[in-house]
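In what follows, a single structure is set out as C-alpha cells and then discussed.
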Ligand SMILES: Cc1ncc(COP(=O)(O)O)c(C=O)c1O
C-alpha cells in the first residue's frame with residue numbers, strides 16, 4: 001500500500017488518541033513502515049527521529065534485538081494465559097526483580113496500562129482503609145499540575161484541565177496540593193530546599209482532611225503531561241513524613257519517571273523515600289507491550305489476606321493482566337539495564353541533552369524556561385521580540401510540530417512546551433541533528 005493510500009484509509013476509519021481529528025487535514029499522520037533505534041521510518045523512505053520515545057515508553061529504542069529475541073522465545077512457549085490460578089517462570093522472575101527495585105515493596109499486582117494501575121492503587125488504598133477500621137478514609141489528594149491518566153478516578157486525581165474539563169461534573173472530589181514552586185533542574189537552588197511557606201500551606205490543607213484521606217498520589221520530581229515541570233524532592237520527603245504520621249498512603253506514579261527518565265531508576269530515589277504504592281508502566285516493557293505493575297508493601301497485602309468469606313479479597317481483574325509477551329520484554333529490559341549500565345549512562349549524558357535545549361533557546365530566542373532532569377529537557381515557546389508567551393489559542397506549538405515533522409523529527413509538544421525525551425541510547429550525533437532541526441523548525445514557525 002502506498003503512503004497516500006494508507007493515510008486516506010486511516011483517516012476514513014481511525015479515530016486517533018489525544019487528537020482533534022480535524023487537525024489531521026493540515027497535519028496528516030506519518031505512515032510508519034518500520035521503527036528501529038531512535039527512528040521511525042516512513043513508507044516514503046524518510047527517517048524521523050522519535051524525540052519523545054513514542055509517548056515516553058521506548059526507553060531503549062525501537063526494535064531492540066535482545067528484547068525481540070526474548071519476546072520470540074516466549075512466543076514459542078505461549079503468548080498469554082489467564083493470570084488467576086496459573087503461574088509461570090517469566091512472571092515470577094519479573095516480579096522478583098521488580099520487588100528488588102524497592103525492597104520493602106514486595107508484592108506486585110499487574111494490569112495492562114498506566115491509568116488502570118492508578119485506579120488499582122486507589123482502589124486498594126480505599127479497600128485497605130475500610131478493612132483496617134477506617135472506612136471514612138475515602139478521599140484522595142494529589143499535586144496541582146499533576147497527571148495520572150484518562151480513566152475517571154485517574155482524571156479526578158490529575159490536574160490538567162484540558163483532559164478533565166468535559167467530565168468535571170462526574171469526577172469525584174480530590175484535594176489539590178499547591179500551587180508550588182517549579183524549578184529548572186537539579187542545579188537549581190530550589191532542588192535542595194522546598195519553600196517553607198508553600199509546605200505550610202500544603203500541610204494546612206492536608207491536616208484539615210487528614211481523617212478522610214486515603215492516599216496522596218504524585219508524579220515524583222517530574223510532572224510530565226503538566227508540561228514537563230520539575231519540583232524539589234524535598235516536597236516528597238515532607239509528604240512521606242506527614243503521610244506516615246497520619247495513616248495516609250503515598251502512591252508514587254512512576255509511570256513516566258520510572259526506569260531512568262529522571263536519571264535514577266526510580267524518581268523517588270532523589271528523595272530517598274519509599275512510597276506505599278509504586279506504579280510502573282511505559283518503559284517497564286521498553287515499550288514492547290501493554291503492561292503496568294502496582295508494587296505495594298506486605299502490610300497492605302496482609303490486610304487483604306484472609307478467609308474468603310471475610311470478603312477481604314481484592315477482586316480487581318483485567319483480562320490481559322500479566323500478559324506473557326510483555327512480561328518477557330520487561331524481564332529482558334531489566335537485564336539490559338543491569339548489564340549495560342543504562343542508569344549510569346543517563347546520569348552522564350543528561351547535561352548534554354539540556355545543553356542542546358539551551359543551544360536552541362540561544363539560537364532562536366524563541367524558548368524560555370529551559371529546564372531538565374535526567375534524559376528530559378524542555379522549554380516554552382515565546383515571542384522572540386518580547387520574551388512573552390503566546391496565547392494558547394494561537395497554537396504555536398502545533399505549527400512548530402508540523403514544521404519539525406517535515407524536517408525529520410517527531411517532537412509532539414505539550415501546548416507550547418517543546419521537549420526532548422528521546423530513547424536513552426540515542427547517539428550523540430542524532431541529538432545534534434535533533435537540536436538543529438528544532439532550531440530550523442522554530443525559525444520557520446511564525447513567531448511575531
Ligand atoms: C504519570 C502518568 N500516569 C499515568 C499515565 C497513564 O498511562 P496510560 O497512558 O498507559 O494509561 C501516564 C501517561 O502518560 C503518565 O504519564
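Each reported figure results from applying straightforward, stated rules to the coordinates on display, with no laboratory input. Worth saying up front: this structure is predicted, and the values here are computed from it rather than measured. So basically every Cβ, Gly included, is an ideal-geometry build from the backbone, and we count neighbours across all protein chains shown.
At a 10 Å Cβ-Cβ cut-off, how would you order 307, 44, fewest neighbours first?
Lowest count first: 307, 44.
Distance from the C-alpha centroid of region 270-305 to that of region 239-265: 10 Å, rounded to the whole angstrom. Starting from the Kirkwood radius over alpha-carbon pairs of region 99-225, derive D by Stokes-Einstein at 25 °C in a medium of 0.890 mPa s and give it in µm² s⁻¹. Stokes-Einstein gives a translational diffusion coefficient of 152 µm²/s. Axis of helix 3-13 versus longest Cα principal axis of the chain: the two differ by about 40°, to the nearest ten degrees. Of all DSSP beta bridges confined to the chain, the antiparallel ones make up roughly 65%. Projected label points at residue 443 and residue 355, each 7 Å from Cα along the beta carbon direction, are separated by 2.2 nanometres. Compared with the dominant Cα axis of the chain, that is its longest principal axis, helix 114-131 is turned about 20°.
Rounded to the nearest 500, the 222 nm mean residue ellipticity of the chain from helices alone is -11500 deg cm²/dmol, with -39,500 (n - 2.57) taken per DSSP H run of at least 4 residues.
Residue-normalised convex hull volume from the C-alpha trace of region 1-105: 190 Å³ per residue. Working note: Cα atoms of the chain, range along each principal axis, descending, whole Å: 64, 58, 43.
When the chain is treated as a GNM with alpha-carbon contacts under 10 Å, the residue of 64, 16, 270 showing the greatest mean-square fluctuation is 16.
For the chain, the longest principal axis of the Cα atoms and the long axis of helix 324-339 meet at an angle of about 80 degrees. With springs only between Cα atoms under 10 Å, which of 315, 98, 266 fluctuates most in a Gaussian network model of the chain? Evaluated over the chain, the most mobile residue of the options is 315.
Using a Gaussian network model on the chain with a 10 Å cutoff between Cα atoms, which of 187, 396, 282 fluctuates the most? It is 187.
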